[in-house]
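Only one structure is covered here, and it is reproduced in the block below.
Read-outs throughout are calculated quantities, based only on the coordinates presented, and are distinct from any laboratory measurement. Quick caveat, the model's predicted, so the values are computed rather than measured. Here Cβ is always computed from backbone atoms with ideal geometry, including for glycine, and neighbour counts include all displayed protein chains.
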C-alpha cells in the first residue's frame with residue numbers, strides 16, 4: 001500500500017521524504033528526472049542535519065537551522081542558482097507536510113532566494129544546425145538512425161528530453177502532420193511536423209519491425225535492443241554530437257530546444273505561438289529568447305547605421 005495519504009507522526013526529514021516524492025510523482029506528475037532532483041536535495045539536507053544537529057524532528061527545525069545549511073553550501077562554492085533550487089525543494093516539502101498535518105509550521109517560508117545573474121540560453125546558429133544534422137545523414141546502423149532522428153525531432157519540435165523518450169507511436173498523426181505531446185503537469189499540446197520529418201518517423205517505425213523480433217511498439221524511439229530509450233541515452237548521444245561545436249558553450253540536448261525557439265523568433269514567429277509549442281506555463285519563461293533577437297538587432301544596427 002502506498003504510504004502517501006497515510007497519517008504520519010512527526011519524524012525526521014528522512015522519514016518524511018518518501019511520501020513527498022510519491023506526491024510529486026503520482027499527483028503532480030513530475031518527470032522521473034525532476035523527482036530525483038528533489039530527492040537529492042532533500043537527502044543532502046537530511047545528511048547535514050544528521051551530522052550537525054543529530055537528526056532533529058521536523059518540528060524542531062527553524063529558519064536559522066535551514067539557513068546554516070545554505071551557508072555551508074555557499075561556503076563550499078555552490079552557485080546561487082543551485083542553492084535556489086534546493087530552497088524551492090525544501091519549501092515544497094514543508095508546504096506538503098504542513099497541509100497533510102505532519103508538521104505544524106513551515107520554517108522554510110522565511111528563506112529568501114539568492115540573486116542570480118541572468119543566464120541566456122545556449123543555441124546553435126542556422127549554419128551550425130545544418131552542419132550538425134545534414135552532416136550525419138545517411139547513417140545506416142540502428143544506433144546511427146536513432147541518433148539522427150533524435151536530432152531531427154529535437155530541432156524541429158523543441159521537445160524536452162523526457163517528452164522525447166516518452167513520445168508514443170500512436171501520437172504521430174500522419175494525416176494531420178503533427179504529434180501530440182504529454183508535457184509537464186500532464187498537459188497535452190500539439191506540434192506540427194514538416195513533411196520530411198514525418199516521413200522519417202514513419203520509415204523508422206516500419207524499420208523497427210524489420211530490425212527486431214519484438215520491439216517496443218508503444219514508444220517511437222528504441223535502442224539497439226529494441227527497448228525504449230532513457231534520458232541518459234539521449235544526453236550521451238546529443239552531448240557527443242555537440243562536442244565538436246566549439247562556439248557552443250553548453251553541450252546538452254536542451255541546446256536543441258533553445259535552438260528551436262531562438263530560430264523561430266529570429267524568423268518572425270509570434271512569442272505566444274512559441275510559448276504554446278514549447279509547453280511553457282507562462283509567457284515569462286519564453287521571453288528569455290527575445291534577448292537573442294535584441295542582440296542580433298544591436299549588431300545589425302552597429303554595422304549598418306552611419307551614426308552607430
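Remarks
- Pairwise label distance in nanometres, residue 57 with residue 210, each label 7 Å out on the Cα-Cβ vector: 6.7 nm
- Here the spin labels are modelled as points 7 Å beyond Cα on the Cα-Cβ line, and at residue 112 and residue 230 they lie 4.2 nm apart.
- Taking the number of Cβ atoms within 10 Å of each Cβ as an exposure proxy, the fewest-first ranking of 76, 47, 41, 270 is 76, 270, 47, 41.
- Of every Cα-Cα pair in region 13-110, the percent that sits beyond 17 Å: 48 percent
- Exposure proxy shown here: for 157, 129, 116, the number of other Cβ atoms within 10 Å sets the order, fewest to most, as 116, 129, 157.
- The C-alpha atoms of the chain define a longest principal axis, and helix 231-242 lies at about 50 degrees to it.
- For the chain, the percent of C-alpha pairs falling in each 10 Å distance bin, counted from 0 to the bin holding the largest distance, reads 5, 21, 27, 23, 17, 7, 1, 0.
- P(r) weight above 26 Å for region 126-303, C-alpha pairs, percent: 31 percent
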